[in-house]
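K.L.:
Before anything else, here's the structure in question.
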Amino acid sequence: MFLVGAPSHTLPRLHILPLLLLLQTLERGLGRASPSGAPLEDVVIERYHIPRACPREVQMGDFVRYHYNGTFEDGKKFDSSYDRSTLVAIIVGVGRLITGMDRGLMGMCVNERRRLIIPPHLGYGSIGLAGLIPPDATLYFDVVLLDVWNKEDTVQSTILLRPPYCPRMVRNSDFVRYHYNGTLLDGTAFDSSYSRGGTYDTYIGSGWLIKGMDQGLLGMCPGEKRKIIIPPFLAYGEKGYGTVIPPQASLVFYVLLIDVHNPKDTVQLETLELPQDCVRRAVAGDFMRYHYNGSLMDGTLFDSSYSRNHTYNTYVGQGYIIPGMDQGLQGACIGERRRITVPPHLAYGENGTGDKIPGSAVLIFDVHVIDFHNPADPVEIKTLFRPPESCNETAKIGDFIRYHYNCSLLDGTRLFSSHDYEAPQEITLGANKVIEGLDRGLQGMCVGERRQLIVPPHLAHGENGARGVPGSAVLLFEVELISREDGLPAGYLFVWYQDPPASLFEDMDLNKDGEVPPEEFSSFIKAQVNEGKGRLMPGQDPDKTISDMFQNQDRNQDGKITAEELKLKSDEDQERIHEEL
């Protein structure tokens, strides 16, 4: 049997050889005779090359393959396996070799070189071998052992490297992709997937591989490295394979498993980080923004959104991405990190894509969900604080309001804040001065109230985004209403609290000269505001508003208003309706 690991001694044991053999070698050079000059009683063994590692020694009943040169005492060659370019392949210790060779091969290691001196009675004796070996000939053999195995052997697998993360192990009927270097037991290389620039891809346990390889790959993890030793009867047996694998050859494979899947596999999900607050999970039809690292099963990175400094933005469950990713993103929470393992039939199949994703590749995506929304989503409003006193009036369209806000993305990235400025933000609700979602979220608030608003992109900055805001980004606002003033109806710059004076032009014509210049007009309007009889549009410079009012009344733009030019807006609206009728 093969032993796992290095031998426990530097030189293999020679327990099956009489120590006398070594003494004979030392006493008489190559040991041609005993000290007394008598003929040799046993084989003399000179081990002139011993490999550093010897996991196994030849034992009786083993099948061996070896090369040799055979000579007589005078150096004349009588036989050589090298000349025939054919190794000797035979069982040791069962009488198929001359006795001296049977004994001389015992205890040998693969790649060991020995010189054997075999006396006549352990060779071809007093008869010799007609035409080749004379009677009573002492034989000299230089032998190199290239292979040894036994019919009781099994496949020997040694783990050289095992990755810390093992998502699954190889099982029968799985499809695997692996790299390998193949050698004979003596180290002679016969094949390598690396030289072809592509993995070896096949099914396990389906007859596509030699039996020993089928067995040796079982239980491997992606990224694992193994040394697999396969005896000939589980490899190519008596026939060998072509010119590279001789008959009865043991095979050694150094294997790196790239990935493994089964045609019946589905998408595998692993939650790496789940936010505590997960109000909603993604469903088909949602639009999602996410970051990802995409790698093969052996850890090779093939793509990353981080390298582009931009999220991947797409609809989920609508066929815009590979089916496995479509499935794997559904059910995710905003802020969640998950690992999605996609088998090839739910990714890029047998052909792969580009030069980074090979055919039949399992893909692993480490995903961070930034946000998602649905085109039908409204603004989500959550009240964080509401003043305890009653709130009879709330912000409505047309109101002029002041508010503080913090704006961020859903992953916490800070975008804008009114606290960075000296004063709160000021707007008139409904005047299209802010994004629609924020306008809606501010309506109905009491002064002093604080809210959290989640605004989907179609109510924010849309697919294109804005300065500092990514495209298709969901925005998170925290807002506090500071103050509120009633607004004016659309088209009005000034309104009366009660009916206007019946003698409006006369009251406005302060010097009674029949015309009203800008100074008189401004003094009159400001007096009405100060006396509480009317009010100007809030949120604007009063002088600018009054100037606009004057320009509206100065019909002929001559710098003064006459009685014929002065008209209330309500009267103008009525005249317009009459003209349309």
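K.L.:
Pairs, please: C-beta under 6 Å, at least 6 apart or cross-chain, first residue open to solvent by 40 Å² or more (accessible area, probe 1.4 Å) and in segment 161-190, second acidic (Asp, Glu)?
P.N.:
Matching pairs, first to second residue: 162/224.
K.L.:
Would you please list the contacts, defined by Cβ atoms under 7 Å and residues six or more apart or on different chains, that run from a residue in segment 50-67 that is within 13 Å of residue 149 (Cβ to Cβ) to a residue that is of a type in the set (Gly, Ala, Ser) and open to solvent by 30 Å² or more (accessible area, probe 1.4 Å)?
P.N.:
Listed pairs, sorted by first residue: 65/89.
K.L.:
Considering each residue of segment 191-221, count those that are at positive phi and open to solvent by 60 Å² or more (accessible area, probe 1.4 Å), and give that number.
P.N.:
Here the count works out to 2.
K.L.:
So residue 439 clears everything in (1) of a type in the set (D, E, K, R); (2) open to solvent by 20 Å² or more (accessible area, probe 1.4 Å); (3) more than 26 Å from residue 551 (Cβ to Cβ) except one condition, right? Which one?
P.N.:
Against the list (1) of a type in the set (D, E, K, R); (2) open to solvent by 20 Å² or more (accessible area, probe 1.4 Å); (3) more than 26 Å from residue 551 (Cβ to Cβ), residue 439 comes up short only on (2).
K.L.:
Here's a follow-up. When you scan segment 245-269, how many residues do you find that are of a type outside the set (Phe, Trp, Tyr) and open to solvent by 70 Å² or more (accessible area, probe 1.4 Å)?
P.N.:
Total meeting the criteria: 4.
K.L.:
Pull up segment 222-244, narrow it to residues that are crowded, with 21+ Cβ neighbours inside 10 Å and either among the acidic types (Asp, Glu) or on the phi > 0 side of the Ramachandran plot (or both), then point me to the one that is modelled with the lowest pLDDT.
P.N.:
Looking at the filtered set, the residue picked out is 223.
K.L.:
Given (1) open to solvent by less than 20 Å² (accessible area, probe 1.4 Å); (2) more than 23 Å from residue 354 (Cα to Cα); (3) over 17 Å from the mean Cα position of the chain (by Cα), identify the lone condition not met by residue 329.
P.N.:
Status for residue 329: all satisfied but (3).
K.L.:
List the strands (runs of 3 or more DSSP E) that sit entirely inside segment 444-501 and contain at least 3 residues that are closer than 22 Å to residue 431 by Cα and either without any contact (Cβ under 8 Å) to a residue 60 or more places away in the chain or in contact with a Phe, Trp or Tyr (Cβ under 6 Å, 6 or more places away or on another chain) (or both). Spell out how you get there, then give the answer.
P.N.:
Working: elements: 450-455, 475-485, 494-496.
The strands (runs of 3 or more DSSP E) meeting that bar are 475-485, 494-496.
K.L.:
Across segment 353-394, what is the number of residues that are more than 30 Å from residue 178 (Cβ to Cβ) and either in contact (Cβ under 8 Å) with a residue 24 or more places away in the chain or under 36 Å from the mean Cα position of the chain (by Cα) (or both)? Write out each step before concluding.
P.N.:
The initial filter retains those residues of segment 353-394 that are more than 30 Å from residue 178 (Cβ to Cβ), namely 368-394.
Now restrict to residues that are either in contact (Cβ under 8 Å) with a residue 24 or more places away in the chain or under 36 Å from the mean Cα position of the chain (by Cα) (or both): 368-387, 391, 393-394.
Final tally of qualifying residues: 23.
Residues are listed down the side, and each one gets a yes or a no for (1) exposed (fewer than 14 other Cβ atoms within 10 Å of the Cβ); (2) out of contact with any strand residue (DSSP E or B) (no Cβ under 8 Å at 6 or more places or on another chain):
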| residue | (1), (2) |
| --- | --- |
| 433 | yes, no |
| 446 | no, no |
| 455 | no, no |
| 465 | no, yes |
| 475 | no, no |
| 481 | no, no |
| 498 | yes, yes |
| 503 | yes, yes |
| 519 | yes, yes |
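K.L.:
So which of 420, 399, 411 ends up being touching a Gly at 6+ places or on another chain (Cβ under 8 Å), within 18 Å of residue 434 (Cβ to Cβ) and either surrounded by fewer than 17 Cβ atoms within 10 Å (Cβ to Cβ) or not polar (S, T, N, Q) (or both)?
P.N.:
Exactly one residue qualifies, and that residue is 399.
The values are calculated or read from the model by the stated rules, or taken from the named source; none is laboratory data. Not measured: the values here are computed from a predicted model. Note: ideal-geometry Cβ built from the backbone for every residue, glycine included; neighbour counts use all protein chains shown. Ligands, DNA and RNA are excluded from the accessible area calculation, which covers all protein heavy atoms including side chains. Shrake-Rupley method; radii C 1.70, N 1.55, O 1.52, S 1.80 Å.
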